[in-house]
Amino acid sequence: MVPNRRGSLHSRRILALASLLICCLLISGLVAWNLSAAPKLKPAGEYQASLSPYDYNAAYNFDSFSTKTGNSQSLLPATYPSLPSGKLVSGDSRFAPTPIVVNGSQNQASAPGYNAAVPENPYTLLNGQVLPPTPGIAQVIQPEVSGNKNLNSLQAGKSQDLKNSQPPVNLSGPPVGRVMARGNQLIDARGVPYFVAGINYEGHTDRAWLMWQNDKWDPKLIDQNFGQAEAGGYNSVRIFVQTQLRDDIRANYWEKFDKIAELAEKHNLRLLVTFGDYYENDLNKLIEIDSAVARHFANSSAILGYDLRNEPQFGELISLIYPAGQQPPLQTDAMIKVYGERISQADSDRQRGNAPGYLNSRQAYIYQNMIHLYQEFQNDMGSWVLQTERASAMDYLDSPASAKWKPFIDALNGTIQKYIDLRQGAIFQYDPGRLVTIGWNRPDLARMPANHSLGFISLHRFPGDSAGGLAGTLSMLNNLKNYYNDKPVALEEFGYSNSDGKNSIPLLKTASYETAIWLFLYGRGYAGGFKWMLNNFTIGANPYENNFGVTDDNTQPKPAFFAARSALRLANSTGMSGGDFSRLESFDGRTISYNWAGSNALFGNSQQFRDARLQLTQSDAGPWSVWWPNTGEGQVLINTTIPAQVVLDLKVIFPDWKTGMRPNIVSDNGAPVNFEPRGDSSIAFNTQPGVLYSVKTAAQPAESSAGNNP
């Protein structure tokens, strides 16, 4: 009996272990399935772009540059495109800042010492108050710009003195009429230049890529998120037509789409609608949706324009089913006749799995040959870039080295032209003249001449947090602006994640990178940009992809939110002039340091800055801004992303400043701010992160007060 009991016990133990093993395997399988089923967030896989030869990062060697020697490398393009009238041209002394003084030494900037231990959310408390729930974020002071006072009535029941805090109001006002291209600029219905201060939006933090689904559709959350965008200074939102919305459109059900447009107008935003954010191999079916949307929104001021496709790839362009009689060049055997066969018909048939299954044998043969040719073209391009100092794929297209590929490039261009003509033509049938673009993420495709027929040119770049990657992005933008000198150029997707997938990336560091890009776009006359992304996401499987938001997992603003806000509001203020960098450089290849100046603005990220107008000392390196929207006795707006002391000489900023007048200083929650008078026209005060401070004239002689604000 005892042996039987032992055997029974042994059997039970084996059964228990087996059950435990099965449970572990089942749980592991479910976890893996859930991760694989999670939305494929963007920019998926693009983190490796920082290592791509097409970014020309290898041309930057920072080994000989360090903070010890004080040396650095400039990240600005070597050549400048011509700028619109009134913009700063390289060497223009009108906007040249006075010498920067750092630690007592002129003309030498200190390397930024980004604090890796930045609190996860340093903005939970502002001026001792708990940050209001979304969408308020923090009230934004409305600069007094002529003609904008009536915008206050647009905010739900709030009417306040302009000398105090104001609800978040987009300076370009509610959408009226349509935005159009005129030369290399965008203009609104009044003929005023329109800078696209855009944000990409895929839904609330807990439903990215799922926002259109019936069980996830929540207009209240979208309303809050659009309020966040408005508070951040954005005037445009890029949204995506995904499977559920496509099905709604086919069913002639417009309630969701109309609600999005209504909420956009409520928050002074325009929509850039990206079509076909799902797999579709039949161009006729894409055109069906293009036409329906264009017809429905033909008279809507809420629509900025249409993006035909998000990041179309070469293989997609040559494998689509085009309408009868509209076969593009790369779907013929013309290039096989020019360059020779790369794969035989027999081998193509044996490797049938390498081509889309809906193609017939002959079509698959041509497709596979074109894929081989394109790869050879890419390899030649990459080799040339690696051998050429500070060059990109776009530069290769301008070089004699690309001459052998001219027939192929012409056929590729002809294929893209056919794609544009068919889809843009369908939109223009119902909404002629509406802005149309394509969201290219491949430099060679973005540089095809066919793009001249678009309303504006779009590029996507995610080079990773390297200085060389930033330099490559700016160089490609510079190339596009020179090449498309008659077209507006926009950076339709860009941004920096606060995670590399394993380690966190400091919030102040990414804020510096993104603000530098915004200043480059505005100061050098680009059409604008769309930051990727409004929200962090909490449902994705990849930490890198989840952390691109200007707000965090709890929808609270990051430093990048506040840093960009000043640049965007400056860019969209009536009567504002341009500016440019006096320096944009790196000492170590990872961190950047910059100063940017305009006739009415100073931006930087150094720990210390000093000129005749401003003395600023921060506890660390991080973005800051000082700008004044009026002439004469006006208003100065100050924002820092970390605690700082600011000294302003108001007489230098405003030559007509009356001696004996004292200013008022208020924060964006309307609270008065204490300051220390210094002489007849200088004041000193301390700032807190993310708070927007307004310094304005008060009709009170200085001798009537004790010196400090009440």
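Just a few scattered comments:
- Check on residue 166, over 13 Å from residue 267 (Cβ atoms), over 23 Å from the mean Cα position of the chain (by Cα), modelled with pLDDT under 95 and open to solvent by 10 Å² or more (accessible area, probe 1.4 Å): no
- Among the residues of region 458-505, the one identified as free of Cβ contacts under 8 Å to residues at least 40 places away in the same chain, closer than 25 Å to residue 587 by Cα and crowded, with 24+ Cβ neighbours inside 10 Å is 494.
- Test: residue in region 570-589 that is at pLDDT 95 or above and β-branched (Val, Ile, Thr): no
- Any hit, region 466-477, residues being in contact with a Ser or Thr (Cβ under 7 Å, 6 or more places away or on another chain) and under 24 Å from residue 406 (Cβ atoms): yes
- Listed by first and then second residue, the pairs linking a residue in region 628-640 that is more than 29 Å from residue 508 (Cα to Cα) to a residue that is open to solvent by 20 Å² or more (accessible area, probe 1.4 Å) and modelled with pLDDT under 80, with Cβ atoms under 6 Å apart and 6 or more places separating them unless they lie on different chains, are 633/697.
- Leading residue by the ranking (surrounded by the fewest Cβ atoms within 10 Å (Cβ to Cβ)) among those in region 226-252 that are farther than 15 Å from residue 304 by Cα and of a type in the set (Gly, Ala, Ser): 251
- Answer residue from region 307-352, given it is in contact with a Leu (Cβ under 7 Å, 6 or more places away or on another chain) and more than 30 Å from residue 242 (Cα to Cα) and is least open to solvent (accessible area, probe 1.4 Å) among those: 335
- Among the residues of region 372-403, the one identified as farther than 30 Å from residue 345 by Cα, open to solvent by less than 20 Å² (accessible area, probe 1.4 Å) and over 29 Å from the mean Cα position of the chain (by Cα) is 399.
- Leading residue by the ranking (nearest to residue 566 (Cα to Cα)) among those in region 662-681 that are without any contact (Cβ under 8 Å) to a residue 60 or more places away in the chain and under 37 Å from the mean Cα position of the chain (by Cα): 665
- Scope region 673-684; condition more than 10 Å from residue 694 (Cα to Cα) and not acidic (Asp, Glu); matching residues: 674, 675, 677, 678, 679, 681, 682, 683, 684
- Flag not set for residue 263, criterion: touching a residue at least 40 places away in the same chain (Cβ under 8 Å), touching an Asp or Glu at 6+ places or on another chain (Cβ under 8 Å), closer than 30 Å to residue 563 by Cα and not in a helix (DSSP H, G or I).
- With respect to the conditions (1) within 30 Å of residue 326 (Cβ to Cβ); (2) surrounded by 15 or more Cβ atoms within 10 Å (Cβ to Cβ), residue 433 lacks only one, and its number is (2).
- Against the list (1) crowded, with 24+ Cβ neighbours inside 10 Å; (2) outside any helix (DSSP H, G or I); (3) of a type in the set (D, E, K, R), the condition residue 565 fails is (2).
- From the options 560, 601, residue that is surrounded by 23 or more Cβ atoms within 10 Å (Cβ to Cβ), touching an Asp or Glu at 6+ places or on another chain (Cβ under 6 Å), in contact (Cβ under 8 Å) with a residue 24 or more places away in the chain and within 17 Å of residue 625 (Cβ to Cβ): 560
- Selection status of residue 526, in a helix (DSSP H, G or I), buried (at least 22 other Cβ atoms within 10 Å of the Cβ) and of a type in the set (Ser, Thr, Tyr): no
- Subset of region 371-422 [part of a helix (DSSP H, G or I), of a type in the set (Gly, Ala, Ser) and closer than 22 Å to residue 478 by Cβ]: 382, 393, 401, 402
- Residues of region 377-414 that turn out to be touching a Pro at 6+ places or on another chain (Cβ under 8 Å) and of a type in the set (Val, Ile, Thr), as a count: 1
- Checking each residue in region 661-672 for being within 20 Å of residue 651 (Cβ to Cβ), among the hydrophobic types (A, V, I, L, M, F, W, C) and open to solvent by 10 Å² or more (accessible area, probe 1.4 Å) picks out only 661.
- Of the residues making up region 179-205, just one is modelled with pLDDT of 95 or more, of a type in the set (D, E, K, R) and open to solvent by 50 Å² or more (accessible area, probe 1.4 Å), namely 182.
- Of the numbered criteria (1) touching a helix residue (DSSP H, G or I) at 6+ places or on another chain (Cβ under 9 Å); (2) without any contact (Cβ under 8 Å) to a residue 60 or more places away in the chain; (3) in a helix (DSSP H, G or I), the one residue 452 fails is (1).
The rows are residues; the columns are (1) among the acidic types (Asp, Glu); (2) within 20 Å of the chain's Cα centre (by Cα); (3) within 14 Å of residue 265 (Cα to Cα).
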{"site": "175", "(1), (2), (3)": "no, no, yes"}
{"site": "195", "(1), (2), (3)": "no, yes, no"}
{"site": "205", "(1), (2), (3)": "no, yes, no"}
{"site": "212", "(1), (2), (3)": "no, no, no"}
{"site": "223", "(1), (2), (3)": "yes, no, yes"}
{"site": "243", "(1), (2), (3)": "no, no, no"}
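- Residues of region 314-343 that turn out to be over 24 Å from residue 432 (Cα atoms) and either of a type in the set (Phe, Trp, Tyr) or modelled with pLDDT under 95 (or both), as a count: 2
- Unmet requirement for residue 209, which otherwise passes all of (1) of a type in the set (A, V, I, L, M, F, W, C); (2) open to solvent by 10 Å² or more (accessible area, probe 1.4 Å); (3) out of contact with any Asp or Glu (no Cβ under 7 Å at 6 or more places or on another chain): (3)
- All of 371, 343, 321, 336 fail the test of being closer than 19 Å to residue 275 by Cβ and in contact with a Phe, Trp or Tyr (Cβ under 9 Å, 6 or more places away or on another chain), apart from 321.
- Residue match in region 347-362 (condition: part of a helix (DSSP H, G or I) and among the hydrophobic types (A, V, I, L, M, F, W, C)): no
- Some residue of region 285-303 being at pLDDT 95 or above, out of contact with any His (no Cβ under 9 Å at 6 or more places or on another chain), closer than 25 Å to residue 195 by Cα and of a type in the set (Lys, Arg): no
- Residue within region 292-303 that is in contact with a strand residue (DSSP E or B) (Cβ under 9 Å, 6 or more places away or on another chain), open to solvent by 10 Å² or more (accessible area, probe 1.4 Å) and within 19 Å of residue 416 (Cα to Cα) present: no
The values are calculated or read from the model by the stated rules, or taken from the named source; none is laboratory data. Keep in mind that what you see is a predicted model, and the values were worked out from it rather than measured. In this analysis, Cβ positions are derived from the backbone assuming ideal geometry, glycine residues included, and neighbour counts consider all displayed protein chains. Note: accessible area is taken over every heavy atom of the protein model, side chains too, but ligands, DNA and RNA are not part of it. Shrake-Rupley method; radii C 1.70, N 1.55, O 1.52, S 1.80 Å.
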